[in-house]
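A.B. asks: Before I ask anything, here is the structure I am working with.
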Amino acid sequence: MNLEIVILIPAYNPDEKLIKVLEELKSNNFLNIVVVNDGSKADSIWSTIEKYAIVLEHDENKGKGRALKTGFSYCLDKFRDKIGVITMDCDGQHLVSDVIKIYQEMLNNKDSVILGSRNFYDKNVPFTSKMGNLIFRKILKLKIKKEIKDTQTGLRGFPINVLKNLIDIKGNRFEYETNVLIGLVKNKIKISEVLIETVYINNNETSHFNRVKDSIDVLKTIIKK
């Protein structure tokens, strides 16, 4: 049983794809699962989610960054004895086989943050996603003097001892994940990347990432730091 790790999933208006992910996580013995309901609309799907995971509630939508911080705080309180936390998205675009990759890498590198990095040269990657990652990657490299291949990946493994730092990092929405990378480099925390499958379902139409507004917010975050 993979009891050394906690799976953390921020979720806003999830659909059946999340149920399938939770079922597969359980079948692979990931038994510590926390889902943060970030102010989703009332839906019967949550009664099913509760069969597989601990559900934390936001009374309104506060953003992915805030949902992650809520989950990190809970994990520090309830799972301090674990080796770390793996975050993943709720839309089915992170495969459980890749979660296992991150987990195995964490076992071998217990002081490193492990990023699941997609191959943006894959033919399945939408052009806008490919160009967006290229721009973010180049600008972020200028800022932090480090090349990160997938700056927007939500599949990340964090050692338990870095969670307190993550909670203190500014940002409540998608810009938070970029702030985390900047904060990790600033605090000299080692970052490793593991190649994962590149999955885009229906051209990423279920993503809550606004390509214009949220991209601008992320760029502002990088420039201001």
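The values are calculated or read from the model by the stated rules, or taken from the named source; none is laboratory data. Just so we're clear, the structure is a prediction, and the values are computed from it rather than from any experiment. Methodologically, a virtual Cβ is constructed for each residue, glycine included, from the backbone with ideal geometry; neighbour enumeration extends over all protein chains shown. Just so you know, the surface numbers come from the protein's heavy atoms only, side chains and all, with ligands and any DNA or RNA stripped out. Shrake-Rupley method; radii C 1.70, N 1.55, O 1.52, S 1.80 Å.
A.B. asks: log10 I(q)/I(0), Debye, Cα-only the range 102-147, no solvent, q = 0.15, 0.23, 0.28, 0.29 Å⁻¹?
C.D. replies: -0.56, -0.88, -0.94, -0.96
A.B. asks: With a 1.4 Å probe and every protein chain kept in, tell me what percent of the accessible surface of the chain is carbon plus sulfur.
C.D. replies: Values: 5510 of 11090 Å².
Carbon-and-sulfur percentage of accessible area, whole number: 50.
A.B. asks: Which peptide among 85-96, 133-144, 187-198 comes first, and what is the full order, when sorted by highest mean count of other Cβ atoms within 10 Å?
C.D. replies: In decreasing order of mean packing, 85-96, 133-144, 187-198 become 85-96, 133-144, 187-198.
A.B. asks: Calculate log10 I(q)/I(0) of the range 59-106 for q = 0.23 Å⁻¹, where I(q) comes from the Debye formula with a single equal point scatterer on each Cα and nothing for solvent.
C.D. replies: Results for the range 59-106 at q = 0.23 Å⁻¹ read -1.00.
A.B. asks: Could you list, in their original order, any pairs among Lys145/Lys186; Lys69/Lys130; Lys26/Lys164 whose Cα atoms are separated by more than 20 Å?
C.D. replies: Cα-Cα > 20 Å for Lys69/Lys130; Lys26/Lys164; rest within.
A.B. asks: Let me ask something else about it. Nearest 0.05, what FRET efficiency do Lys186 and Lys149 give at R0 = 22 Å with Cβ-Cβ as r?
C.D. replies: Efficiency, from the Cβ-Cβ distance: 0.65.
A.B. asks: Rounded, prolate or oblate: which one fits the range 95-196, using the alpha carbon gyration tensor with axes a ≥ b ≥ c (rounded when a/c is under 1.5, else prolate when a/b beats b/c, else oblate)? Display every interim value, and only then the final one.
C.D. replies: Values: a/c = 1.78, a/b = 1.16, b/c = 1.53.
Note, shape of the range 95-196 comes out oblate.
A.B. asks: Classify the range 27-95 as rounded, prolate or oblate from the Cα gyration tensor: take a ≥ b ≥ c as the square roots of its eigenvalues, call it rounded if a/c is under 1.5, otherwise prolate when a/b beats b/c and oblate if not.
C.D. replies: oblate
A.B. asks: Might you tell me the accessible area per residue for the chain, computed with a 1.4 Å probe and given in Å²?
C.D. replies: Dividing the accessible area of the chain by its residue count gives 49 Å².
A.B. asks: For the range 1-127, what's the radius of gyration and Dmax over Cα atoms, in angstrom?
C.D. replies: Cα only, the range 1-127: 14.6, 43 Å (Rg, Dmax).
A.B. asks: Counting only DSSP beta bridges with both residues in the range 25-168, tell me the antiparallel percent, nearest 5. Don't skip to the answer; put the middle values down first.
C.D. replies: Details: 6 of 11 bridges.
Roughly 55 percent of the DSSP beta bridges within the range 25-168 come out antiparallel.
A.B. asks: For the range 138-184 and the range 54-93, what is the separation of their C-alpha centers, rounded to whole Å?
C.D. replies: One Cα centre to the other: 15 Å.
A.B. asks: For Asp81 and Asp111, compute 0.36 nm times the residue count separating them, minus their Cα-Cα distance, and round to one decimal in nm.
C.D. replies: On the way: separation 30, 0.36 × 30 = 10.80 nm, distance 1.47 nm.
Here the answer is 9.3 nm.
A.B. asks: Take the Cα radius of gyration of the chain and divide it by 2.2 N^0.38 Å, with N its residue count; two decimals is plenty.
C.D. replies: Output field value: 0.94.
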